[in-house]
1. Run the numbers for A:Leu459 and A:Thr184: contour at 0.36 nm per residue of separation, minus the present Cα-Cα distance, in nm.
2. Per the 1.4 Å probe, what fraction of the accessible area of segment A:106-190, in percent, lies on carbon and sulfur atoms?
3. Residues of chain A: accessible area per residue at 1.4 Å, in Å²?
4. Provide the packing ranking of A:15-22, A:353-360, i.e. peptides ordered by the mean count of other C-beta atoms within 10 Å per residue, highest first.
5. Let me check I've understood the local charge: for A:Ala315, count other residues with C-beta under 14 angstrom from its C-beta, Lys and Arg +1, Asp and Glu -1. What total comes out?
6. Once the Cβ-Cβ distance between A:Glu434 and B:Leu93 is put in as r, and R0 is 60 Å, what FRET efficiency do you end up with, to the nearest 0.05?
7. Using a 1.4 Å probe on the protein heavy atoms only, what accessible surface does B:Cys91 show? Give it in Å² to the nearest 10.
8. Express in Å², to the nearest 10, the accessible area of B:Met44 obtained by rolling a 1.4 Å probe over the protein heavy atoms while all chains stay in place.
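The values are calculated or read from the model by the stated rules, or taken from the named source; none is laboratory data. Please read these numbers as outputs of a predicted model, since none were measured by experiment. Virtual Cβ from ideal backbone geometry, glycine too; neighbours counted across all protein chains shown. Quick note on the areas: whole protein, heavy atoms, side chains included, nothing else; ligands and nucleic acids left out. Shrake-Rupley method; radii C 1.70, N 1.55, O 1.52, S 1.80 Å.
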Amino acid sequence: MNSLFFVLLPALAAIVNPFLRRPGSRLADVLTWLVLLVGLAAAGLGGPGPGQGDALSALMLATIYLISFLVAVFSAFYFGDEDPTVAGKRASFFSLILVCTAGMAGVVTTQDFFTLYVFLEVVAVSSFAMIAFSGDRAGTEGAVKYLFLSAVASALILLGVAALLLTSGGVSFAHLMETALDGTRRPGVLLSVSLLICGFMVKSGLIPFHGWVPDAYESAPAPVSALLAGIVTKVAGVYALIRIAMTLHLPLLGGDYSGLSAALMFFGAVSIVVGAVAAMKQNDFKRILAFSSISQIGYIVLAVGLGSPLALVGAVFHLFNHATFKVTLFLNGAAIERATGTRDMSRLGGLGSRMPWTAGTSAVAFLSTAGLPPLSGFWSKLIIVVALWQGGAYAYATLAVLASTLTLGYFLVLQRKVFFGQTVPLTEDVQEVEAGLLMPVVLAAALMILIGLYFPSVLEPLIEPSGSLAALTSAVSGGTL
Amino acid sequence: MTHLLLLIILALFSMVAVMAKDLLRSAVALGVASVALTLVFYEMSAPWAALFELSVCAGLITVLFVSAINLVRGSEAFLLEERHRFWALPCFLVALGAGLWLFGDHVAPSLMPAGDAADSTPVGSMLWGPRRFDLVGQICMFLSGVLAIAAFFGPAKRPPLEKGPGSVSTGCTPATFDYQEGK
């Protein structure tokens with residue numbers, strides 16, 4: 001399939017959607033679902049055509065369309081016709097989801113950094129609009145914070161692209177690889193890659209560039225938080241870091257580049273710990289999830305910094321897993337807020353008996369995030385820890401294992417406060433949310449269980465993206481390159 | 001001939017951007033001028049400069065200007081700002097045009113380099129050839145900007161805001177109004 005298909009399909013639907021606006025009509029919702037399902041099927045069946053993206057692009061496309069579909073279905077049932085957030089502009093909301101999907105599809109299918117930058121801006125503008133969609137003060141404040149830090153990141157990325165153009169005469173991934181292997185232009189490449197990595201770290205929300213993450217997630221409409229945490233930050237920041245690591249083959253280059261590896265691993269490790277500790281101190285459901293996201297992205301970046309084929313497999317796998325369990329948790333958080341009217345954990349309790357499906361899927365997602373077997377999160381964390389140990393990063397491997405217990409700790413506290421125990425006055429009359437709101441989270445939870453149980457079957461397609469890296473490793477070792 | 005036409009369009013819309021009293025017209029004129037400049041860059045065999053001009057100046061900056069103008073439109077501060085027409089500019093441009101018309105044969109070669117004769121790829125092919133993905137990205141960027149503006153200034157069903165003493169009928173979104181009122 002031509003990679004333009006994955007961009008143009010949602011973009012065209014986004015143009016058509018506003019024309020389907022009728023009072024009480026759900027045509028825009030249905031068109032959005034259909035388009036995202038078609039995109040998901042196309043990504044699953046073959047992904048982008050030869051020379052237009054690799055297996056990593058195909059996996060990312062499938063993840064993007066899957067998460068966007070889950071969020072679109074949830075949004076359709078979450079926002080009633082008279083909901084003040086989308087009143088009078090429902091079609092625009094679904095169009096923004098589609099444009100954001102188109103932007104993300106462009107990011108993962110492009111083969112050069114400038115195009116990647118262009119599509120990152122598409123994602124940033126549409127995300128900004130979605131965060132501020134409700135028009136209230138909190139939403140606007142979160143959106144402005146997001147916009148400012150996103151602008152800083154974009155400036156760094158653009159400077160990095162310019163430095164790459166000056167150094168290598170091109171901006172494609174291939175140009176970067178060729179120039180990096182040619183040792184004579186090392187300072188220019190180092191400058192360019194450093195700027196790019198800094199920009200993508202801001203977009204990822206890694207510590208110390210995490211300032212926008214909790215505020216943006218907290219103030220955005222609930223389904224938008226799920227989309228942002230589930231996939232947008234991963235595509236806009238983490239995917240690009242993985243792509244740079246796969247292009248540069250950091251462990252092979254050594255020398256000055258080992259400093260980049262060390263910096264990435266350090267910031268990844270700091271994010272794991274600080275994100276987990278900060279999550280323990282929160283009382284707002286969404287803020288816990290926001291800091292948890294920072295911590296989990298730390299795992300991915302730690303593996304990216306190591307850069308070995310096994311570490312990259314772990315990073316890609318954890319990126320996919322984190323998308324599924326974070327979207328589940330954010331959507332469940334939205335369901336709880338809808339049912340009880342609050343996200344304050346100190347005012348909740350005993351929801352497990354009132355909302356069994358929400359509680360059950362949340363438990364699956366919590367345990368998967370903490371890395372408990374046999375759920376999917378266990379395998380990805382295991383791969384990352386094994387890769388760190390094999391790479392001689394014993395301290396980081398130990399820290400990754402210990403931080404998992406922190407993750408388990410804050411999620412157990414959340415589970416106990418919200419779902420266990422006796423009901424409180426606020427939750428006595430609460431009932432489970434409708435099936436339309438449960439369907440996306442049940443689907444995501446089922447994926448976590450099935451991928452965990454059938455892990456060997458999914459390992460091969462996951463290893464495929466780093467197959468080219470393994471081939472290059474042997475080529476360089478054998479002196480062919 | 002195309003080159004000359006593009007330069008005239010560029011000068012004309014740049015002048016409109018400076019002369020127009022309506023800020024929105026200025027922003028749109030500036031966007032058109034940037035597109036003309038993009039085509040001039042392509043004509044002069046500088047596709048990378050053209051690409052950046054199209055991406056940043058014609059695309060993103062225009063969207064940002066239009067958004068910002070819409071945000072402040074109707075506010076008291078906006079109304080108080082009276083833009084004066086800068087009549088010296090068209091006079092200067094007319095004089096420059098006349099000078100080039102009369103002495104163009106001597107001046108033009110140094111002002112307008114011919115570019116790389118070997119690279120005769122048509123502009124359309126250059127846009128839709130190696131950089132088609134960027135072009136689609138630009139379209140998506142415009143689309144997201146339009147949708148963002150539609151979302152902020154669309155027909156929201158909200159209760160009307162009460163006018164208090166000192167409040168201003170802004171025509172802004174409730175979000176902007178809340179900020180101004182410090183609510």
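1. Gain on stretching A:Leu459 to A:Thr184: 95.2 nm.
2. Exposed carbon and sulfur together represent 70 percent of the surface.
3. 33
4. So the peptides A:15-22, A:353-360, ranked by packing, come out A:353-360, A:15-22.
5. For residues surrounding A:Ala315, the net value is +3.
6. Efficiency at R0 = 60 Å is approximately 0.40.
7. Accessible area of B:Cys91: about 90 Å².
8. The value for B:Met44 is about 60 Å².
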